[in-house]
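Beneath this line is the structure, given in structure tokens, with notes to follow.
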Amino acid sequence: MADQGGSNHGIARTSRTRTEEQRQKDLERIKDYRALEDQVRAHAAKSDYSPDVFALTSKLLRLNPEYYTVWNVRRRCLISGLLSKPSPGSSPSKALPTSSPTATTTTSSAVSSSSLSTETPPALESQTTGKSGTTAEEGQQKQQDQQNDQQILQKELHFTIPLLLESPKCYWIWSYRLWILKQVIERLPVPVARKIWEEELGLTSKMLLRDQRNFHAWGYRRHVVEQLESPELEGKSLVESEFEFTTKKIEQNLSNFSAWHSRSKLIPRLLDERNADDEARKAFFEEELGKIGEAINVGPDDQSLWYYHQFLMLNLVNFVGHPTITPAFTQEERVTYLRREIEGIQELLEDYDDAKLIYEALFDYTLYLCQLQERKPNEQEVKDLKGWLGSLKKLDPMRSGRWADLERDLGLRVTMEV
């Protein structure tokens, strides 16, 4: 891309002239930031992770959410005192299997239960040992700890939301949320933990409404789904709903690489869980091929579309030892589909003779065809390969080294027409 004079994604930067008053205010802000940073570091150096230090991390992270060291200090503040000490050897879900999600789903109910439970100490007669070996008092204390932990963990999730809205691609915020959610699994009963994780899935949907191609949010969503499907949260498969989610996102924006990528990862499981037979798989393959073909006709310069198209073509070629949509396709069927796609792409050149990605696809798919048939390119194919490579050299001179390597490796001698 041509030099944009210090631009970001093609948007020219504008220089600002600051007044002396503005400059002094900036210097004061920097001074305050440095003082706050020094405070946090000094406390951390003394292993002081008190509630006061926790409050200092809140101030500093609001100013700079990229400061990963401070996120670590915040974690230590939580596990060093704010959160309860988990009892070794048992998870909360096993300790209190009868806990209902409605008992601890709101902050107000948690606060109320906690305050009431400490007003009157239990009578000595109630401290009897149950079948599990724990006293009623211990069970009550454990429930109070869980309510307190839930309140703190949910506040932490709420704390990061404004930061995410301001910095949606900040890795450290996403990482911290995952750590908090891990604590949710370890400390809270399954129904409560699952509800919180389901709310997290809803958050990713909202984040992807703001920026449909935020790869951080897409990767985070895949992790959330994996956890919701896990035995830890008594999960079941979400592959159908997630596949539908990718469809919705693609319909909203064809140029959504992350949505196409997630779709490609879901398909093997989707077909397996549907118990799709050979006919169903063939119909599915043709439907996906038709969907991406229509998209390419609209936007042949869109790399995300060609990525998914190549994924489908590789299902025809690299089907041994890999998950594939069409394991029962015969050699003849694979060749027929591949030839048909090559011919269709060649027709695109009539309207888009300057679209580099079309030439790349034709070049790659012709070699795929030769690989599939275990042969070298024939005379006509060699002529086509030379022509397409010549076009690529003209359209993308910045990658001349790559084109030269292909020319050498395939023994092609390409003369560019001027």
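Values in this text are rule-based calculations from the coordinates and carry no lab data. No experiment lies behind these values; they were computed from the predicted model shown. Positions of Cβ are backbone-derived with ideal geometry, glycine not excepted, and every protein chain shown enters the neighbour counts.
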Task: Inter-part distance where segment 245-283 and segment 343-399 are each reduced to a Cα centre, Å - done: 27 Å
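Does segment 245-341 classify as rounded, prolate or oblate by the C-alpha gyration tensor (a ≥ b ≥ c root eigenvalues; a/c under 1.5 gives rounded; else a/b over b/c gives prolate, otherwise oblate)?
Because a/c hits 1.5 or more and a/b fails to exceed b/c, segment 245-341 counts as oblate.
Roughly how many debye, to the nearest 20, is the charge dipole of segment 272-393 about its Cα centre, given +1 on each Lys and Arg Cβ, -1 on each Asp and Glu Cβ, and no other charges? If you can, show how the numbers build up before the last one.
Numbers: 13 positive and 26 negative charges, 105 e Å.
That gives a dipole near 500 debye.
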TODO: Report, ordered by chain and residue number, the lysines lying within cross-link reach of residue 386, taken as a straight Cα distance under 30 Å and ignoring same-chain residues fewer than 8 apart.
DONE: 356, 376, 394
TODO: Note down the nm distance, to one decimal, between modelled labels 7 Å out along Cα→Cβ at residue 237 and at residue 179.
DONE: 3.5 nm
- [ ] Would you work out the relative contact order for segment 176-270, in percent, from Cα pairs under 8 angstrom that are 6 or more residues apart?
- [x] 24 percent
- [ ] Can you pull the one-decimal nm distance between simple spin-label points at residue 223 and residue 412, each 7 Å off the Cα toward Cβ?
- [x] 4.2 nm
- [ ] Could you please report the charge total around residue 33, scoring K, R as +1 and D, E as -1 over all other residues with beta-carbon less than 14 angstrom from its beta-carbon?
- [x] +1
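Across all directions of projection, what mean area in square nanometres is found for the Cα convex hull of segment 273-418?
Working: hull surface 38.9 nm².
If you wrap the Cα atoms of segment 273-418 in a convex hull and average its projections, you get 9.7 nm².
May I ask you to compute the full-extension gain from residue 372 to residue 68, defined as 0.36 nm times their residue separation minus their alpha-carbon distance, rounded to one decimal in nm? Please list the in-between numbers first.
Working: separation 304, 0.36 × 304 = 109.44 nm, distance 4.91 nm.
Length gained between residue 372 and residue 68: 104.5 nm.
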- [ ] Using label points projected 7 Å from each Cα along Cα→Cβ, tell me how many nm separate residue 346 and residue 48, to one decimal.
- [x] 7.7 nm
TODO: Calculate, for residue 198 and residue 165, the FRET efficiency according to 1/(1 + (r/R0)^6) with r their C-beta to C-beta distance and R0 25 Å; round to the nearest 0.05.
DONE: 0.75
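Ranked highest first by the average count of other Cβ atoms within 10 Å around their residues, in what order do 396-402, 342-348 fall? Walk me through the intermediate numbers first.
Working: 396-402: 10.9, 342-348: 14.3.
Descending mean neighbour count gives 342-348, 396-402.
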